[in-house]
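Written out below as structure tokens is the structure these notes cover.
The values are calculated or read from the model by the stated rules, or taken from the named source; none is laboratory data. Note that the coordinates shown come from a computational prediction; the quantities given were computed from them, not determined experimentally. Neighbour counts are summed over all protein chains in view; Cβ atoms, including those assigned to glycine, are modelled from backbone coordinates with ideal geometry. SASA here: full protein model, heavy atoms, side chains in, ligands and nucleic acids out. Shrake-Rupley method; radii C 1.70, N 1.55, O 1.52, S 1.80 Å.
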Amino acid sequence: MSLPFGRPRPSLADRVRRILSSRGLSLAELSRASRGDRLRHIPHSLYSSLRKRSFSPSLYQLHSLSTLSGYRLVDWLALFGISLDDVSRFQVLFPSLRTVELDTRAYHPAAPIPWLYDLKEPDFSTPLVPLSQWVAVGSRRRIDSVARDAKTTFRYVKIGSHDARAFPDLLPGSIVRVSDDFSALRRTPIGKTPGRTMFLVQHSKGITCSRLLRSESDTIVLCSRQLPYAPIELTLGIEGVVLGEVGIEIRSIAVVQKPAVSASLERYRVPSPLSRASPARNAGEFIQRARKACGISFREASERTRVIARELGDPRYYCSPGALSDYETRKFAPRHLHKLISICAVYFAGAADLFEACGAALDKAGTHAMPRDLLNLSPEIPASAGETSRFLSEMERRFGQLPHFLRTAGSSMFGLQNVSLRDVFWVGDSQEAKYSCLAGIQFLIVDRRQKKPRASLSSPIWAQPIYVLQKRGGYSWGFCRLENGVLSLCSLAQRAKSLRLRHGVDAEVVGRVVGVIRKLM
């Protein structure tokens, strides 16, 4: 992301002056109005300070500018090259030891996203087809024009490597969508066999995705289907709360993560009652809670902030291990608010929640959108721009609201520089998978650069590399290996037969599958 700090400082100062003038304000008036609060005070020398390369306003000064001008805080952040949407981008990228919830809020509702238009009527009964045959990328649209109010609310969580109770149906690093629908829980009979539906459950140690066994009407047991986790029995409402049903999995298989079984999870333990956590009293307490919830060390968190600083091209995003430790002892936000973006990203915290703990809540600042010309952005896209895509309408009907927060994270999640429609294949509903850990796959994401199939005979099914082949009659996918010019394909469809095809004559390798999107319910 290009930063306006690289531009001449007089230009930035002039833009701030124009923004204040658009509201009929002067810097002197804002300085007098903010007097009395040392943190939020806007100095008379702000324009002069903006001309210094080492200066950037604090979170509290920007919150004061937002409150007094009426313009949204996220727009003031954007003026200085900071986007809260970068939080979810890096949360998707970084692995997690424990299952954590992602920050999926769209902080810039007018942000443009690529939209699709139909090339032809899609045939969803087709077993395997690239999306480029059905749709193409058209003009961009605003998020608030396509994100409709849904009856069912969703949250997205990332499966931790030390908390994979749903393995191998869900793998460490997978992102799963959880709905607030509890009908499957009510249908689960009381007995000795866990149901097939997976749920997101909150307990004293955090959150976890697991199958449940209902031993009694008010008691559930967390059950692992394969790993030697000791079962945990929870009393609903006292020791555990079911937060929702797991419906969609977005799995990256570019690099397969193996779950780690902690010795403490092998032994049965008496569950502790859930404690009602009160809101964090200050920024340091919030940051400490977030770090402990995700289970990351200061050193590892610091290395991740180095990645953020390198990707965003600004060293102010970097936090040393000592600085991260110091932030937990302070009541107020760090001087450079870039640090807050990094803290939210590495500790899997919500940016809006941290801002509120810092005393600079987004909803207590300005509410008016800053004109795009003042932000040096292209003209705003009309909310109703573009035609309705039948393909996207059908996807929303089948899956509900689409995860727009992944618009900037898809490439990094699957290890691709750019994900195009040629790389995304519709699998269809007609193929029933042979293995439960691969059942319900709707989409494949393919890396076309990997065209040499390499079997991994020692790996389990969930870790076997999958390839897409193009034959004369269409496409096929499954486990594949190349030997003496012959492609041996073990299809993943329930009733499909294994094939032996001459490489370059009967079939060609399209690429290796690096990601899948599957429906679990």
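Quick notes
- Accessible area of the chain divided out per residue, in Å², using a probe of 1.4 angstrom: 47
- Our coupling estimate for the stretch 197-204, obtained by passing each phi through the Karplus curve with A = 6.51, B = -1.76, C = 1.60 and θ = phi - 60°, is 6, 9, 10, 9, 10, 9, 9, 5 Hz, Gly and Pro reported as x.
- With at most 14 neighbouring Cβ atoms within 10 Å, loop GluC sites (Glu not before Pro) (DSSP) excluded, longest segment of the chain: 1-265
- Applying D = kT/(6 pi eta Rh) to the stretch 288-334, where Rh is the Kirkwood radius over alpha-carbon pairs, T corresponds to 37 °C and eta to 0.692 mPa s, the Stokes-Einstein value obtained is 294 µm²/s.
- Relative contact order [Cα under 8 Å, 6+ residues apart], the chain, whole percent: 18
- For the chain, a crude dipole built from +1 on the beta carbon of Lys and Arg and -1 on the beta carbon of Asp and Glu, taken about the Cα centre, is about 1000 debye to the nearest 20.
- Annotation: aspartates and glutamates with alpha-carbon distance below 14 angstrom to residue 519 (same-chain offsets under eight excluded): 169, 245, 249, 396, 429, 432.
- Remark: spin-label model distance residue 300-residue 41 equals 4.3 nm, labels positioned 7 Å along the Cα→Cβ axis.
- Under a 5 Å amide H cut-off, with hydrogens placed 1.01 Å from N, residue 55 pairs with nothing among residues at least 5 apart or on other chains.
- When shorter helices are ignored and each DSSP H run of at least 4 residues is given -39500 (n - 2.57), the per-residue value for the chain at 222 nm works out to -6500 deg cm²/dmol.
- Distance between modelled label sites at residue 498 and residue 454, nm, 7 Å Cα→Cβ extension: 2.2
- Taking every alpha-carbon pair in the chain and binning the separations at 20 Å intervals from zero gives 20, 49, 27, 4, 0 percent.
- Across the stretch 457-521, the volume of the C-alpha convex hull divided among the residues equals 110 Å³ per residue.
- Electrostatic bookkeeping for residue 452 treats Lys and Arg as +1 and Asp and Glu as -1; over the other residues with beta carbon under 15 Å from its beta carbon, the sum is +3.
- Long pairs among 205/364; 292/339; 258/452; 158/258, criterion Cα-Cα beyond 21 Å: 205/364; 258/452
- Remark: spin-label model distance residue 14-residue 126 equals 5.2 nm, labels positioned 7 Å along the Cα→Cβ axis.
- For the stretch 257-366, the spread of Cα coordinates along the three principal axes comes to 49, 33, 23 Å, biggest extent given first.
- Whether the stretch 213-299 is rounded, prolate or oblate, judged on the alpha carbon gyration tensor where a/c under 1.5 counts as rounded: oblate
- Counting all C-alpha pairs of the stretch 152-243, share separated by more than 21 Å (%): 25
- Within a straight-line Cα-Cα reach of under 16 Å, residue 497 can be paired with the following lysines, leaving aside sequence neighbours fewer than 8 residues apart in one chain: 434, 471.
- Over the stretch 69-186, volume per residue of the alpha carbon convex hull, in Å³: 204
- Each semi-axis of the equivalent ellipsoid for the stretch 420-480 is √(5λ) with λ an eigenvalue of the Cα gyration tensor; in descending order they amount to 18, 17, 11 Å.
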